[in-house]
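Colleague: The structure under discussion is supplied below as structure tokens; questions concerning it will follow.
Each reported figure results from applying straightforward, stated rules to the coordinates on display, with no laboratory input. Bear in mind the structure is a predicted one, so any value in this text is a computation, not a measurement. Don't worry about glycine lacking a Cβ; one is built from the backbone with ideal geometry, like all the others, and counts go over all protein chains shown.
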Amino acid sequence: MDGEGKAMHKSLGNTIAPEEIVNKYGADLLRLWAASSDYRADVRVSDNIFKQLSDIYLKIRNTARYMLGNLEGYDPNAPVEFADMPELDRWALSRLRQLIERVLASYEAYEFHTITHAIHNFCVSDMSQFYLDIIKDRLYCEGKDSLLRRSAQTAMHLILDALVRMLAPILAFTADEIWQCMAHRTGENTENVMFNDMPAPHAAWTLDKETSLKWDRLLALRLDVNKALELARAEKGIGKALDAEVTLYVSPQAEASFAALRDLNLAELFLVSGVKVVSGAGEGFAGENFPGVSVLVEPSRHEKCVRCWTHSPDVGKDEEHPALCSRCAAVVRAM
């Protein structure tokens, strides 16, 4: 059917030849359209549909590109073990395990449209808007061979390796281009991604029920904090999120739900320079995603580190590197 739902006929002049799509968007976009269409209903095709699919393709491609760019120098034969990773990295791999299970089941059931939607949502929601956004600081500012940076690289390599294998039957050309740019474990076929197995949903990549619930609550709270930051930015109260410090007022009704979050590095997860938690009611933005917690955003009073851009009270205390925070000064000194 065409974009308006009319059956395609040469006499109506509403047909689109496959070579037109290939010449304009590339063969992988045509394959993505076929895979993302639910063939149990009438299938539509139009230029607008391909423009939308192009955005989906670019999001998947750019997610892979970002991870490739930050895997320079990583040795996949020397990964950080799951048990030694920070909890954020373990959360990311647990989400990957869930994605692998869903994708493999969808391939078995010939539900290809479910595969493309699931992978796209994973790239957007779990990766770009959350995980990859947070680990930028580790990747750019921690020591090159530090555990924190290597752990993030390990998680990214495992995620990228699984994504490219799952995408290979659909985005055949793009998947192989990514595969050729990756470092590989000993024993893998480097000639083409097609000569390698689908990823396995490792049972070890699992969080217990309480930990999973904690991260679900953290994601809900992060939505409220991001909204409060947007409002503060619109009112010219702050510039970038790292220019802000956040105070969370936790009401007695929300204390039980919030308790598990107190052990997390909330400043890192919210991408701000500081977080203070106060029990009881207070002023600020009362979000809808985590009831009982209000968010107050204020500009930081501390100096900004010129390397990581975080405002910190220890900027200026290092005599050798007075413009850096203590973390960045130590990393630079070790270079």
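Colleague: On a straight-distance basis, which aspartates and glutamates could pair with LYS236 in a cross-link, Cα separation under 15 angstrom, same-chain partners fewer than 8 positions away excluded?
Modeller: Answer for LYS236, where 15 Å is the Cα cut-off: GLU245, GLU298, listed by chain and number.
Colleague: To the nearest 20 Debye, how big is the dipole of the chain about its Cα centre, given +1 on the beta carbon of each Lys and Arg and -1 on that of each Asp and Glu?
Modeller: 380 debye
Colleague: Also, I was wondering about something else. Going by how many other beta carbons lie within 10 Å of each one, how would you line up CYS123, CYS141, fewest first?
Modeller: Going from sparsest to densest Cβ surroundings: CYS141, CYS123.
Colleague: Using a Förster radius of 22 Å, what is the FRET efficiency between LEU223 and ASN77 based on their Cβ-Cβ separation? Nearest 0.05, please.
Modeller: Result of the calculation: an efficiency of 0.05.
Colleague: Among the listed pairs LYS214/LYS317; LYS144/LYS276; LYS10/LYS51; LYS24/LYS227, which have their C-alpha atoms separated by more than 27 angstrom in this model?
Modeller: Long pairs (Cα-Cα over 27 Å): LYS214/LYS317; LYS144/LYS276; LYS24/LYS227.
Colleague: Among 164-174, 258-268, how do they line up by average Cβ neighbours within 10 Å per residue, starting with the highest?
Modeller: 164-174, 258-268
Colleague: May I pose another question? Order of VAL297, VAL22, VAL331 from fewest to most other C-beta atoms within 10 Å?
Modeller: So the residues, fewest neighbours to most, are VAL22, VAL331, VAL297.
Colleague: With Cα extents along the principal axes in Å as the read-out, I listed [x] 114, 43, 42; [y] 60, 53, 48; [z] 74, 47, 37; which label goes with the value calculated from this structure?
Modeller: [z]
Colleague: Quick one: which residues, 5 or more positions from SER279 or on another chain, have an amide H under 5 Å from its amide H? H modelled 1.01 Å from N in the peptide plane, none for Pro or chain starts.
Modeller: Here the answer is VAL250, since their amide H atoms fall under 5 Å of that of SER279.
Colleague: What is the list of residues in the range 32-69 whose amide nitrogen lies under 20 Å from a point 7 angstrom out from the Cα of GLU188, following Cα to Cβ?
Modeller: The answer is 60-69.
Colleague: Modelling each spin label as a point 7 Å along the Cα-to-Cβ direction, I'd like the VAL278/ARG44 distance in nm, to one decimal.
Modeller: 5.1 nm
Colleague: Further question: Separation of the range 274-299 and the range 49-119 by C-alpha centroid, Å?
Modeller: Each part reduced to its Cα centre gives a spacing of 33 Å.
Colleague: May I ask you to sort GLU191, GLU177 by Cβ crowding, counting other Cβ atoms within 10 Å and putting the fewest first?
Modeller: GLU191, GLU177
Colleague: Under the 0.36 nm per residue contour assumption, what length would be gained going from the current alpha-carbon distance of ASN289 and MET1 to full extension?
Modeller: 99.7 nm
Colleague: Under 13 Å from the Cβ of ARG138, count the other residues' Cβ atoms, weight Lys and Arg +1, Asp and Glu -1, and hand me the total.
Modeller: -1
Colleague: When a/c is below 1.5 the answer is rounded, else prolate if a/b is larger than b/c, else oblate, so apply that to the range 200-261 with a ≥ b ≥ c taken from the square roots of the Cα gyration tensor eigenvalues.
Modeller: Oblate, since a/c reaches 1.5 and b/c is not below a/b.
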